[in-house]
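Read through the structure below, which is laid out as structure tokens, and then see the notes.
The values are calculated or read from the model by the stated rules, or taken from the named source; none is laboratory data. Remember, predicted model here, so these are calculated numbers, not experimental data. For neighbour counting, all protein chains shown are included, and Cβ atoms are generated from backbone atoms with ideal geometry for every residue, glycine included. Note: areas computed on protein heavy atoms with side chains; ligands, DNA, RNA excluded. Shrake-Rupley method; radii C 1.70, N 1.55, O 1.52, S 1.80 Å.
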Amino acid sequence: MRQKSLAGKILPLSRIAGALAAAIIMGFAGGCRRNSVESYLEAGRTALQHDHLTQAEQDFVAAQKLSPSDARVHLALGDLYLLKHNTDGARQEFLRAIELEPKNLPARLKLGRLLAQMSRPGLAQEQYLAVLAFDPANVEAHFGLAESYRSQGLNGTAERELRTVIGLAPKDARAHYALATLLAREPGRQPEAQAEFAAVRALDPNLLPPTAVVTEAPAAPAAASTPALAKVASVAEEVKGVKPRRFLLSHDSPVYHEAKSGSQVVAQVHRGKYVMVTGIGDKWLRIRMRSGLVGFIPTTAVE
């Protein structure tokens, strides 16, 4: 009787042990899935959205250890280093991503923008041209080339690229505004500049800073309007630094290199998105983008 009773107890215990072993194996497998490159990248990007840079770096480094030859990991690390103002680190990570994946167009575009900010227009142009070799209709690459040529004083070549952008994207108000400011500085081209400002006004009038109306005075002769624009554009507004805060954009807007009209357009922000504001002036806001880029937008872009 006792043996039969003992056997009856042993069988359930063996089943329990088997179930526990299966649970441990499943838990281990689940843990492995959670610790994949994809999960670390997703966690890191989420941390970046909430400005948790230390946590984001831990996640991206963990992803790199799992897969050091994954271009996505190096692209993510490059974005992180931009936010930490480590431009050399960002440049190296973007280069590594391109080395691993030459057709990685986001990495090339980001590297081009970074090199342009580092005052290396020639190297920036190499990246934009490489993008166009893979994708001849890439609007961002043409726009980057235009800004790079403009910074070198090659206005004719810059104009050609801006007109290419407008041909590819006729409703790109950013390109119309960049072309308008370029033309407004050239003698005898005020009517063309006015036409471009009118296009901006029709597409999205909120892209025009208040000072842009100086170029649109119809009664002013061309010779007088050009110096007037130069005078306004030569003085950047003083923007007072504030504790970083998120603001909701009420309108699309270009991001300018300086707090003044006619400054170089370095990026674009869009209505319905949030921007991190780090400085406030009467007519301009200083913002820091997720890429680490610091620029200025008109206060009219934010409610």
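Taking first residues from the stretch 168-197 that are over 17 Å from S261 (Cβ atoms) and partners that are open to solvent by 10 Å² or more (accessible area, probe 1.4 Å) and in a loop (DSSP other than H, G, I, E, B), the Cβ contacts under 7 Å between residues at least 6 apart in sequence or on separate chains come to L168/A137.
Cβ-Cβ contacts under 7 Å between residues 6 or more apart (or on different chains), taken from a first residue in the stretch 120-141 that is under 19 Å from Q268 (Cβ atoms) to a second residue that is basic (K, R), are listed as Q127/R108; V131/R108. Within the stretch 62-72, the residues that satisfy the criterion of being assigned to a helix (DSSP H, G or I), open to solvent by 30 Å² or more (accessible area, probe 1.4 Å) and touching a helix residue (DSSP H, G or I) at 6+ places or on another chain (Cβ under 8 Å) are Q64, L66, R72. No other residue among L115, L80, L75 is among the hydrophobic types (A, V, I, L, M, F, W, C), within 19 Å of L48 (Cα to Cα), touching a Pro at 6+ places or on another chain (Cβ under 8 Å) and assigned to a helix (DSSP H, G or I) apart from L75. Listed here are the helices (runs of 4 or more DSSP H) enclosed by the stretch 155-208 that have at least 2 residues being in contact with a strand residue (DSSP E or B) (Cβ under 7 Å, 6 or more places away or on another chain) and closer than 17 Å to H270 by Cβ: 173-184.
Put simply, of M276, M289 the only residue that is within 16 Å of the chain's Cα centre (by Cα) and closer than 18 Å to G144 by Cβ is M289. Residues in the stretch 91-114 that are in contact with a Ser or Thr (Cβ under 9 Å, 6 or more places away or on another chain) and buried (at least 19 other Cβ atoms within 10 Å of the Cβ): 4 in all. Being more than 19 Å from A97 (Cβ to Cβ) and acidic (D, E) is not true of E140. Scanning the stretch 253-279 for residues that are at pLDDT 75 or above and in a loop (DSSP other than H, G, I, E, B) yields H257, E258, A259, K260, H270, K273. Every condition in (1) part of a helix (DSSP H, G or I); (2) of a type outside the set (A, V, I, L, M); (3) touching a Phe, Trp or Tyr at 6+ places or on another chain (Cβ under 7 Å) is met by D88 except one, and the failing one is (3). Can you name the residue in the stretch 232-282 that is basic (K, R) and in contact (Cβ under 8 Å) with a residue 12 or more places away in the chain and is also nearest to R185 (Cα to Cα) among such residues? Selected residue: K260.
Taking the stretch 136-154, which residues are open to solvent by 60 Å² or more (accessible area, probe 1.4 Å) and part of a loop (DSSP other than H, G, I, E, B)? Selection gives P136, Q152, L154.
Kindly indicate whether K84 is within 16 Å of the chain's Cα centre (by Cα) and crowded, with 20+ Cβ neighbours inside 10 Å. So K84 does not fit the description; no.
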